[in-house]
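Structure first, commentary second.
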Amino acid sequence: MLIVSIFKSWNDRVERTIPFITKEAPPITALHPYVLLKKDELVAEAAKLGISILITDDHRSHEEQDALYEQGRSTKGPIVTHVKGGGSYHNYGLAIDFALLTPKGKAIWDLEYDGNRNGKADWMEVVAIAKGIGFSWGGDWEGFKDYPHLQMDFGFTISELRRGFRPPDEPAIEAD
C-alpha cells in the first residue's frame, strides 16, 4: 500500500511537469478546505492581538475575476489585478483578501494603522500571523504588490491548476 502511494505521488508530480497533460477536474466553487481552516485560524489569532479583520474575498469565479480585471481598464475604478479569469489563485479556492476593521466596524486598508496601540502596524501583525500559519503574501511579490492578498499554492503553479491538477483536500504539510 505504501509503495502504491509513493508511486502515485511521484507519478502526479511527473505529470504536472509535462505541459500537454491535463486532468478532468470538477469546477471549484469554494475555498479549499485547508485554506478555509487557516482563514478561520488567521481571524482568531488576529483577534487575540486585539485586531479585527474582515475577509473581503476568497474563492472567485472566472467571471468575477474577468470583471475585476476590467476595473481600471474598460470600467471605472483603480486597477486591482493583472490577471483574467483562470489566472488567479482565488479562482482555485487557494487565496483570500483581507482588510482591517476599525472599532466602529469600518473596513480599512491602511498599512500603518495601529488600532491595538502596541506600536506596531496592525496590517503587518496580520501578515506575520498569516505567514506563520502557511500563507504567502502578495506584498512580497516583485512588481505589482497586492497587499490584501494571502494565498496557499501548495507548490502548484497557475498553469498546473488550469490543466486540472489540484492539491489534495488534506495536503501533507511538512513539519518544521
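Quick look at the numbers
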{"quantity": "Some residue of the range 51-70 being touching a strand residue (DSSP E or B) at 6+ places or on another chain (Cβ under 9 Å), modelled with pLDDT of 95 or more, of a type in the set (Ser, Thr, Tyr) and within 19 Å of residue 146 (Cα to Cα)", "calculated": "yes"}
{"quantity": "Single residue of the range 146-167 satisfying the filter (in contact (Cβ under 8 Å) with a residue 60 or more places away in the chain and either in contact with a Cys (Cβ under 8 Å, 6 or more places away or on another chain) or not in a loop (DSSP other than H, G, I, E, B) (or both)) that is surrounded by the most Cβ atoms within 10 Å (Cβ to Cβ)", "calculated": "150"}
{"quantity": "Exclusive hit being over 15 Å from residue 156 (Cα atoms), at pLDDT below 95, among the charged types (D, E, K, R) and part of a helix (DSSP H, G or I), set 39, 8", "calculated": "8"}
{"quantity": "Complete set of residues in the range 69-91 that are open to solvent by less than 40 Å² (accessible area, probe 1.4 Å) and either of a type in the set (Val, Ile, Thr) or part of a loop (DSSP other than H, G, I, E, B) (or both)", "calculated": "72, 81, 85, 86, 87, 88"}
{"quantity": "Flag for residue 113 being modelled with pLDDT of 95 or more, within 16 Å of residue 36 (Cα to Cα) and either open to solvent by 20 Å² or more (accessible area, probe 1.4 Å) or not hydrophobic (A, V, I, L, M, F, W, C) (or both)", "calculated": "no"}
{"quantity": "Complete set of residues in the range 112-145 that are assigned to a loop (DSSP other than H, G, I, E, B), touching a residue at least 60 places away in the same chain (Cβ under 8 Å) and either in contact with a Gly (Cβ under 6 Å, 6 or more places away or on another chain) or on the phi < 0 side of the Ramachandran plot (or both)", "calculated": "115, 116, 118, 133, 135, 144"}
{"quantity": "Test: residue 96 is surrounded by fewer than 17 Cβ atoms within 10 Å (Cβ to Cβ) and in contact with a strand residue (DSSP E or B) (Cβ under 6 Å, 6 or more places away or on another chain)", "calculated": "no"}
{"quantity": "Where residue 130 falls short, out of the listed (1) under 17 Å from residue 55 (Cα atoms); (2) open to solvent by 40 Å² or more (accessible area, probe 1.4 Å)", "calculated": "(2)"}
{"quantity": "Enumeration of residues in the range 93-111 that are free of Cβ contacts under 8 Å to residues at least 24 places away in the same chain and assigned to a strand (DSSP E or B)", "calculated": "108"}
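The values are calculated or read from the model by the stated rules, or taken from the named source; none is laboratory data. These numbers were taken from a predicted model, which means no experiment stands behind them. Cβ atoms come from the backbone with ideal geometry, glycine included; neighbour counts cover every protein chain shown. Please note that ligands, DNA and RNA were not included when accessible areas were found on the heavy atoms of the full protein model with its side chains. Shrake-Rupley method; radii C 1.70, N 1.55, O 1.52, S 1.80 Å.
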